[in-house]
Amino acid sequence: MKIVICEDDVRQRKFLQSTIIHSSLFQYEDVEIALVASNPSEVFTYLQDNRADCFLLDIELQHEINGLELANVIREKDPLATIIFITTYADKLRLTFTYKIAALDFIVKNEPNLAENLIKTLQIAYQKHQSIHTQNIGKHFQMKIGEYVKLIPFEDIYCFATSANSHKIKMQEKSGVYEFFNNLTDIEQQLDERFFRCHRGYIVNLQQIQKIDITMRTITLKNSSICYYSLRYKKALMKALSSTSTIIFE
């Protein structure tokens with residue numbers, strides 16, 4: 001679980017970082033503090049090429065963008081991110097309803113058991129992170145486009161194909177076509193048995209195949225798009241499809 005802290009008070013910032021590092025939570029290998037920021041601009045810069053799972057945000061940031069507005073941007077980019085608000089004034093918490101932000105918890109800075117509350121909340125965040133990670137293994141493809149991370153269910157994907165644009169891949173799925181930087185070899189490692197590398201330029205979802213033209217060596221998918229398969233993959237492709245009776249062979 002990657003944690004981002006955004007707090008403009010230097011003492012509070014150091015306290016949050018130290019409390020997490022010295023807690024039992026930090027013994028897990030997949031828990032790390034990815035960024036300790038004093039303002040939203042640092043968070044925006046980080047999110048251009050990275051993502052995090054949990055954000056500790058001060059509501060009263062002395063910046064043109066406050067913690068609530070920052071949370072809105074984070075939520076747009078990653079709906080699954082966990083947000084924990086930190087505030088000096090408990091009455092500020094009602095503002096989260098105005099901004100319609102779903103936060104895991106709210107921590108008040110001047111409470112005597114601040115450290116204990118922080119770790120308890122982060123433990124819950126970690127459990128949520130583990131649950132999401134477990135549910136998504138083998139079920140979703142994680143695609144990064146610019147600053148955004150999108151999870152695509154495997155069953156919604158038709159195919160992956162190399163793009164005319166260098167180092168880019170085109171993915172066809174039920175909601176449209178996406179183009180992003182990656183390569184088929186790395187993508188293949190993220191997929192499960194329902195996907196098949198049928199050509200050096202194509203990976204197809206076997207469950208989305210509608211028709212195969214053996215003469216032309218083409219694969220027609222259920223969205224009517226056409227992919228090609230090469231002779232070297234023909235035998236393995238036919239074996240993979242042997243238990244499927246709904247595919248038309250021509």
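The values are calculated or read from the model by the stated rules, or taken from the named source; none is laboratory data. None of the values given here were measured: they were computed from a predicted structure. Here the Cβ positions follow ideal geometry from the backbone for every residue, glycine too, while neighbour counts run over all protein chains shown.
A count restricted to segment 18-50 and to residues that are of a type outside the set (Ser, Thr, Tyr), over 22 Å from residue 68 (Cβ atoms) and in a helix (DSSP H, G or I) stands at 5. Quick one: in segment 76-116, which of the residues that are modelled with pLDDT under 80, basic (Lys, Arg) and surrounded by 14 or more Cβ atoms within 10 Å (Cβ to Cβ) is farthest from residue 53 (Cα to Cα)? Only one residue fits best here, namely 92.
Within segment 11-39, if we keep just the residues that are out of contact with any strand residue (DSSP E or B) (no Cβ under 9 Å at 6 or more places or on another chain) and closer than 11 Å to residue 119 by Cα, the residue that is surrounded by the fewest Cβ atoms within 10 Å (Cβ to Cβ) turns out to be 24. Look through segment 167-186, keep the residues that are among the basic types (Lys, Arg) and assigned to a strand (DSSP E or B), and return whichever of them is farthest from residue 222 (Cα to Cα). So, considering only residues that are among the basic types (Lys, Arg) and assigned to a strand (DSSP E or B), the one farthest from residue 222 (Cα to Cα) is 168.
Scan segment 198-218 for residues that are in a strand (DSSP E or B) and touching a Ser or Thr at 6+ places or on another chain (Cβ under 9 Å) and the total you get is 8. Return a yes/no flag: does segment 55-67 have any residue that is under 16 Å from the mean Cα position of the chain (by Cα) and loosely packed, with under 15 Cβ neighbours inside 10 Å. There is no residue in segment 55-67 that is under 16 Å from the mean Cα position of the chain (by Cα) and loosely packed, with under 15 Cβ neighbours inside 10 Å.
Checking the stated criteria, residue 8 turns out to be modelled with pLDDT of 90 or more, farther than 20 Å from residue 122 by Cβ and touching a strand residue (DSSP E or B) at 6+ places or on another chain (Cβ under 7 Å). Among residues of segment 46-72 that are in contact (Cβ under 8 Å) with a residue 60 or more places away in the chain, those with a beta-carbon under 9 Å from a residue that is part of a loop (DSSP other than H, G, I, E, B) and of a type in the set (Gly, Ala, Ser) at least six positions away or on a different chain give the pairs 48/146; 51/81; 53/81; 54/81.
Annotation note: Cβ proximity below 7 Å between a residue of segment 203-221 that is assigned by TED's automatic domain parsing to the domain that holds residue 190 and a residue that is among the basic types (Lys, Arg) and loosely packed, with under 15 Cβ neighbours inside 10 Å (sequence gap 6+ or interchain) occurs for 208/222; 210/222.
Take the residues in segment 155-166 that are in a loop (DSSP other than H, G, I, E, B) and in contact (Cβ under 8 Å) with a residue 12 or more places away in the chain, then tell me which one is farthest from residue 227 (Cα to Cα). First the steps, then the outcome.
Going through segment 155-166, the residues in a loop (DSSP other than H, G, I, E, B) turn out to be 163-166.
Those still in the list that are in contact (Cβ under 8 Å) with a residue 12 or more places away in the chain too: 163, 165.
Numbers: 163: 13, 165: 18 Å.
Among residues in segment 155-166 that are in a loop (DSSP other than H, G, I, E, B) and in contact (Cβ under 8 Å) with a residue 12 or more places away in the chain, the one farthest from residue 227 (Cα to Cα) is 165.
Inclusion of residue 208 among residues that are among the polar types (S, T, N, Q), surrounded by 13 or more Cβ atoms within 10 Å (Cβ to Cβ), within 20 Å of the chain's Cα centre (by Cα) and modelled with pLDDT of 90 or more is not warranted. Here is a list: 219, 226, 187. Which entry is among the aliphatic types (A, V, I, L, M), at pLDDT 90 or above and within 24 Å of the chain's Cα centre (by Cα)? Result: 187 is the single residue among 219, 226, 187 that is among the aliphatic types (A, V, I, L, M), at pLDDT 90 or above and within 24 Å of the chain's Cα centre (by Cα). Count of segment 39-77 residues, restricted to those that are of a type in the set (Gly, Ala, Ser) and either assigned by TED's automatic domain parsing to the domain that holds residue 149 or farther than 23 Å from residue 128 by Cβ (or both), is 1.
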